[in-house]
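The values are calculated or read from the model by the stated rules, or taken from the named source; none is laboratory data. These figures come from a predicted structure and were not determined experimentally. Because the Cβ atoms are built from the backbone with ideal geometry, glycine has one as well, and the counts that use them run over all protein chains shown.
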Amino acid sequence: MQPKAVLHFLAMRKINLIVALLLVSVSVSFAQQGKKWTLKECVEYALKNNIQIKQSELDLQLSAIDKKDAIGAFLPSLNANANHSWNIGLNQNITTGLLENQTTQFTSAGINAGIDIYKGLQNQNQLRRSKLSIIASQYRLDKMRDDISLNVANAFLQILFNKENLKVQKQQLANNERLMTRTQEMVNAGSVPRGDLADMRATVATSQKAVVDAENLLMISKLSLAQLLQLDDFKDFDVADNDYEVSESPVMLQTPEAIFDKAKEARNEIKIARTNLLVAERDVKISQGALQPNLQGYYSFSTRAAYTDRVIGGIQDPDNPTSVIGTVEGTGQNVVQQNFIPVLGKYEPIFDQFSENKGHNFGLQLSIPILNGFAARNNVERSKVALERSKIAFSQAELDLERNVYQAFVDAKNALQAYEAALVAVEARELAFNYAQERYNVGMMNSFDLNQAQTLYVNSQSDAVRAKFDYIFRVKVVEFYFGIPINITE
């Protein structure tokens, strides 16, 4: 193969590779843009990426760290220390006793250990409290997940409603455009006055505005759900267009009392309040433990070394070899002693000094609280007040849950009745509109009355769509209190 041919072959392969990569990237882009999210996917994504859930997860991690602190309180404390100092200036020479300008160095080291033998069971109660705090943090995280799931479901159903409403408005616009065409034909034939044509054109314009408004509402609802999911790119965000039919839920056959009894076992807000009550009880015991004696054991080891010259011997003073220290009684003979001067040598090896100067200290320390400005007793009173608050909060949580369950049950029942009534209204309005069209086509009704009949029909369709998704959501709330996870048949 010629060199030019080889270069041409390589260039063509490079171009083909670039084109293939572009096609793959474009296909991936279109696949992402064409993706329609299901409710399950929305809920799962929100549970992984929602900021509030991430904060609750961090709170759970902090509770786990608090538990480690409580476990560490049972372990002995152990600390090492070391010190090296320089002393420069006029100081007494420890070997000669004379004041001299000198530089001395000293090194010391030690280890201190201590352990709580009895502390009013505060450590034990603190550990139990930390375990309860972890449970409470987990319940708060679960509740946050439940709330996010419910909010996502509500936003998801709002999008579905706006989609259905947009379809209704577009159908209204198509009907009005057909009527306008029919009116034009009738005006040309002289069957209806020209003013009816102007009315129909105004009606078409109103329908066009209604379509634009419905599109804007749909876009805003999509934006709300995308922000709830913490999506960075939500320009092409959309949800699945499946037809969600209304079905009777077995939970709605239960009594409100049965749903409330189930909710007390399943709902996290009750679990949180109950756990907070147990935490408050532990706080009382911890504060009461501060009123009891505290017994500690301790041990310390220390050693030291000096970098100063030491006396290693002595020689007789050549300038003053002897001195008289007294006389013998009776004879008057002087008592003489020899005068020595010290012989200095280098300081002893450091590690030898550490070995010779080491010391141990250990014992027990008992601390009995007698009077500390009533601080400990006031802490006990505060913890008891906090316990009473927790009891009230627990009772309030049960009352709130009971009210919410009954309200949700009644709302679901009313939503079903509203939906059934809306379906009847749609059927009646459709018959009335069809009859109005027949009368208009034969010249027995003017365009204004026809538009009124059509407007009532379209409004009934919108009301039925709104009632449908309102009922679906209300039922899901009741099921949620019954312990059934958020799910819509997809």
If we ask which residues in segment 441-482 are over 28 Å from ARG145 (Cα atoms) and of a type in the set (Asp, Glu), their number turns out to be 2
ALA305 vs. criteria surrounded by 14 or more Cβ atoms within 10 Å (Cβ to Cβ), assigned by TED's automatic domain parsing to the domain that holds PHE409 and out of contact with any Cys (no Cβ under 8 Å at 6 or more places or on another chain)
no
Among the residues of segment 339-354, which ones are surrounded by fewer than 12 Cβ atoms within 10 Å (Cβ to Cβ) and modelled with pLDDT of 80 or more?
PRO349, PHE351, ASP352
Selection from segment 398-444 of residues that are among the hydroxyl-bearing types (Ser, Thr, Tyr) and either within 15 Å of ALA464 (Cβ to Cβ) or touching a strand residue (DSSP E or B) at 6+ places or on another chain (Cβ under 7 Å) (or both)
TYR419
Residues of segment 292-324 satisfying the condition of being at pLDDT below 85 and among the hydroxyl-bearing types (Ser, Thr, Tyr):
TYR307, THR308, THR322, SER323
Report, by residue number, each residue of segment 60-80 that is surrounded by fewer than 11 Cβ atoms within 10 Å (Cβ to Cβ) and assigned to a loop (DSSP other than H, G, I, E, B).
LEU75
Regarding segment 29-44, can at least one residue be identified that is at pLDDT below 70 and surrounded by 12 or more Cβ atoms within 10 Å (Cβ to Cβ)?
yes
Can you name every one of the strands (runs of 3 or more DSSP E) wholly within segment 331-429 that holds 3 or more residues which are in contact with an Asp or Glu (Cβ under 6 Å, 6 or more places away or on another chain) and in contact (Cβ under 8 Å) with a residue 24 or more places away in the chain?
none
Check on SER302, assigned to a strand (DSSP E or B), closer than 30 Å to SER355 by Cβ and more than 47 Å from the chain's Cα centre (by Cα)
yes
Would you confirm whether or not segment 448-455 contains a residue that is surrounded by 17 or more Cβ atoms within 10 Å (Cβ to Cβ), farther than 20 Å from ASP213 by Cβ and at pLDDT below 90?
yes
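To keep it simple, each residue is scored yes or no on (1) assigned to a helix (DSSP H, G or I); (2) surrounded by 17 or more Cβ atoms within 10 Å (Cβ to Cβ); (3) among the aromatic types (Phe, Trp, Tyr).
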{"site": "ALA202", "(1), (2), (3)": "yes, no, no"}
{"site": "THR206", "(1), (2), (3)": "yes, no, no"}
{"site": "ALA210", "(1), (2), (3)": "yes, yes, no"}
{"site": "ALA214", "(1), (2), (3)": "yes, yes, no"}
{"site": "GLN227", "(1), (2), (3)": "yes, no, no"}
{"site": "PHE237", "(1), (2), (3)": "no, yes, yes"}
{"site": "TYR298", "(1), (2), (3)": "no, no, yes"}
Among what's in segment 232-255 and is modelled with pLDDT of 80 or more and closer than 15 Å to PHE161 by Cβ, pick the residue that is farthest from the chain's Cα centre (by Cα).
ALA240
